[in-house]
Every structure is written in C-alpha cells, then in structure tokens.
1. Going through segment 33-50 one residue at a time, which ones are in a loop (DSSP other than H, G, I, E, B) and open to solvent by less than 40 Å² (accessible area, probe 1.4 Å)?
2. Name, by its number, the condition in (1) modelled with pLDDT of 95 or more; (2) crowded, with 18+ Cβ neighbours inside 10 Å that does not hold for P71.
3. Mind telling me which of the residues S98, S92 ends up being more than 17 Å from the chain's Cα centre (by Cα) and either open to solvent by less than 40 Å² (accessible area, probe 1.4 Å) or among the β-branched types (V, I, T) (or both)?
4. T106 - would you say it is over 15 Å from the mean Cα position of the chain (by Cα) and either open to solvent by 30 Å² or more (accessible area, probe 1.4 Å) or of a type outside the set (A, V, I, L, M, F, W, C) (or both)?
5. Counting just the residues of segment 6-32 that are open to solvent by less than 50 Å² (accessible area, probe 1.4 Å), without any contact (Cβ under 8 Å) to a residue 60 or more places away in the chain and among the small types (G, A, S), which one comes out nearest to G153 (Cα to Cα)?
Amino acid sequence: MTSEEIIDFVTGLDGVLALRPVPGDGTPAISWGDAFFSYAPDGVVPTAGQPFATVVTKNYPGDEASRLDRPDTFRVNIAAGKEAFVRWAGHSPREPASTEVDPSTTDVVIAHPVYGGAGWLAVVNPGERTGASTRELLRTAYGLARARHERRGESAT
C-alpha cells in the first residue's frame, strides 16, 4: 500500500475531512506532506478532539524510533479504540508491553511508539501482511469518531 492509497481509502469514507498541510497554508512546516483525518460531515475542522488517524512521512521531534527518514517510508497512526489496541498489542494501552517491538519494522501492527499509552496503533509501510488489517482498523477508528461526533451533537441539543 502507498500513502496515497491509504489517503484515498480514508477520504472515501462518508464525512471524512482530510487535512493535508502544504507550504503557505499557515500550518507548521513539520506537518507539510502529512495527512490528518477527522470525522467532519459539515466539512469544518473539529474544534474538539483529535484526528482518528494520520499518515506521517517524516520523523517528528521525540518520535524518531520508526525511522521515517528512510526513503519511501511512512507510518499510519490509528486511534481504533481499546478493544482493537488490546487485540493487536497484547496489552491494554496503559500497561507496558511484555516484549519489545522494533517500531521501525515495516508491515506490522504495533502500539504507537509515542502514543501507544493513549491507545494508538501504528503501521510503518503497510503491505501484504497488514493491508487488510490496516483498512479494517481505519474503518473501526472512523466508526468510533463518527459515534463520538453523533453523541456530541445529541448532547448539544
């Protein structure tokens, strides 16, 4: 899978707003070239909460372990919920991992190297082993984001 294939998949889900920062749009330079996905059926950037998934193409300060500085390397980050996190990581988000996983390994679903404690999963260069799982995790994260949005809408009325 390429990063563009993932972006196309996620933006094909109903109500998804994709932010793709570029030079000159007022976003920080570090975010240029990355993609951030929120459930926003009105097309307005949500003021509450975080994206439900991201695609990052470079190392961020304090988040270098995935070695995204390698050619053609990107990471999909997914907030697929506690149940999915436990199934894939083998422990709850706040518990330490029983085994170390190299966060630069490609085509493996892992606890996010920085935000795993918040329940985020990550895949560096999803491929043959994790392509279908990555899409399923993205659908799960999308469903959770949509449900949160709908609950907030109901509580505002």
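1. Across segment 33-50, the qualifying residues are D34, A40.
2. Status for P71: all satisfied but (2).
3. Details: S98 fails: either open to solvent by less than 40 Å² (accessible area, probe 1.4 Å) or among the β-branched types (V, I, T) (or both).
The conditions single out S92.
4. Values: over 15 Å from the mean Cα position of the chain (by Cα): yes; either open to solvent by 30 Å² or more (accessible area, probe 1.4 Å) or of a type outside the set (A, V, I, L, M, F, W, C) (or both): yes.
Yes.
5. A18
The values are calculated or read from the model by the stated rules, or taken from the named source; none is laboratory data. The structure displayed is predicted, hence computed values, not measured ones. As a convention, Cβ positions derive from the backbone with ideal geometry for all residues, glycine included, and neighbour counts pool all protein chains shown. Remember, those area values only see protein heavy atoms, side chains included, never the ligands or the DNA or RNA. Shrake-Rupley method; radii C 1.70, N 1.55, O 1.52, S 1.80 Å.
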